[in-house]
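Take this structure, written in structure tokens, and hold onto it; I'll ask about it next.
The values are calculated or read from the model by the stated rules, or taken from the named source; none is laboratory data. Quick caveat: nothing in here was measured; it's all calculated off a predicted structure. Backbone-built Cβ (ideal geometry, glycine too); neighbour counts: all protein chains shown. In case anyone asks, the SASA skips ligands and DNA or RNA and just uses the protein heavy atoms, side chains included. Shrake-Rupley method; radii C 1.70, N 1.55, O 1.52, S 1.80 Å.
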Amino acid sequence: MKLGIVSAIYDGFTFEEMIDNASETGYECVEVACWPQGKAERRYAGVSHIDVSNTSPEYIAYIKDYCKKKNIEISSLAFYPNTMDGDLVKRAANIEHLKKVIRMSALLGVNMVT
């Protein structure tokens, strides 16, 4: 078992700053927050350290390489939406973003979404 942390507490940090801090603190893995880009609606919901809309091979390789260099494993990608929201527009947006998170998780070889 590895000791890790959810990256949502690193609100305002870049991906690199978040990984650096987790590594320096002694964590072995990170559950990386992947909310849609934009303003948070509530505390920790809105934090995003990986842009799941960017699926370019270069971006994927960069994320993997940076984590490897810092000895940090991505344990999962985090997005906790309400996929049954009464507002059908919000519901559809949440489901669409969740699909992007799932695709990114597969591309990164993480294969876990929370």
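Total Lys pairs in the chain closer than 20 Å by alpha-carbon, pairs eight or more apart in sequence or interchain only?
Number of lysine pairs found: 9.
Okay, moving on. Sorted by accessible area (1.4 Å probe), largest first, how do TYR59, TYR80 line up?
TYR80, TYR59
Now, a different point. Can you tell me the dipole magnitude for the chain around its Cα centre, using point charges on the Cβ only (Lys, Arg +1; Asp, Glu -1), in Debye to the nearest 20?
300 debye
A further question follows. Over the chain, what relative contact order in percent results from Cα pairs under 8 Å that are six or more residues apart?
Relative contact order, the chain: 26 percent.
Within 10 Å of each candidate Cβ there may be at most 12 other Cβ atoms; applying that plus a DSSP loop requirement, which GluC sites (Glu not before Pro) in region 1-110 survive?
Details: sites: GLU16, GLU17, GLU24, GLU28, GLU31, GLU41, GLU58, GLU73, GLU96; in loops: GLU28, GLU41.
Answer by residue number: GLU41.
Shifting gears a bit: Quick one: accessible area per residue over the chain, 1.4 Å probe, rounded to a whole number of Å²?
So the chain comes to 60 Å² accessible per residue, rounded to a whole number.
Additional query: May I ask which residue of TYR66, ALA33, PRO81 lies farthest towards the positive end of the charge dipole of the chain, with charges of +1 (Lys, Arg) and -1 (Asp, Glu) on Cβ and the Cα centre as origin?
Comparing the listed Cα positions along the dipole, PRO81 ranks first.
If I compute solvent accessible area with a 1.4 Å probe over the protein chains, what percent of it on the chain is carbon and sulfur?
Whole-percent figure for carbon plus sulfur exposure: 54.
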